[in-house]
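The values are calculated or read from the model by the stated rules, or taken from the named source; none is laboratory data. Not measured: the values here are computed from a predicted model. Glycine gets a Cβ as well: all are built from the backbone with ideal geometry, and neighbour counts include every protein chain shown. With ligands, DNA and RNA removed, areas are computed over all heavy atoms of the protein, side chains included. Shrake-Rupley method; radii C 1.70, N 1.55, O 1.52, S 1.80 Å.
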Amino acid sequence: QVQLVESGGGLVQPGGSLRLSCAASGTIFSLNAVGWYRQAPGKQRELVATISSLSRRNYADSVKGRFTISRDNAKNTMYLQMNSLKPEDTAVYYCNLRAPGNDYWGQGTQVTVSS
């Protein structure tokens, strides 16, 4: 069983930065793709960014050039560096680990971008 715990959310002004972290338990972290998703009020959960076990990255068009996903397999941790934040980035952010036959999710962390 894998548990994912996010941290780093909060309130930030437009144009500011935040760094989200997601720590994973277990031993399969390094073997699988991981990613960040977000869900704004009244909207469906959407992909933000993913990174494969070989560190191949994929980003939603809305965050390209502003967000960076990374992973540290030695620490079983993934990160999302968010720069130039906009009010439309406001959402609950969830980390995800996709293993064969299983999809694991964290509990979510709130990011609010507002002046």
For the range 31-57, enumerate the residues that are within 16 Å of residue 4 (Cα to Cα) and either open to solvent by 50 Å² or more (accessible area, probe 1.4 Å) or under 11 Å from the mean Cα position of the chain (by Cα) (or both). 31, 34, 35, 36, 37, 38, 50, 51
Exactly one condition in (1) in contact with a strand residue (DSSP E or B) (Cβ under 6 Å, 6 or more places away or on another chain); (2) at pLDDT 95 or above is false for residue 32; which is it? (2)
Residues within the range 71-105 that are assigned to a loop (DSSP other than H, G, I, E, B), closer than 20 Å to residue 18 by Cβ and open to solvent by 10 Å² or more (accessible area, probe 1.4 Å), tallied: 4
All conditions in (1) open to solvent by 50 Å² or more (accessible area, probe 1.4 Å); (2) farther than 19 Å from residue 104 by Cα; (3) among the aliphatic types (A, V, I, L, M); (4) in contact (Cβ under 8 Å) with a residue 60 or more places away in the chain are true of residue 12 except (1)
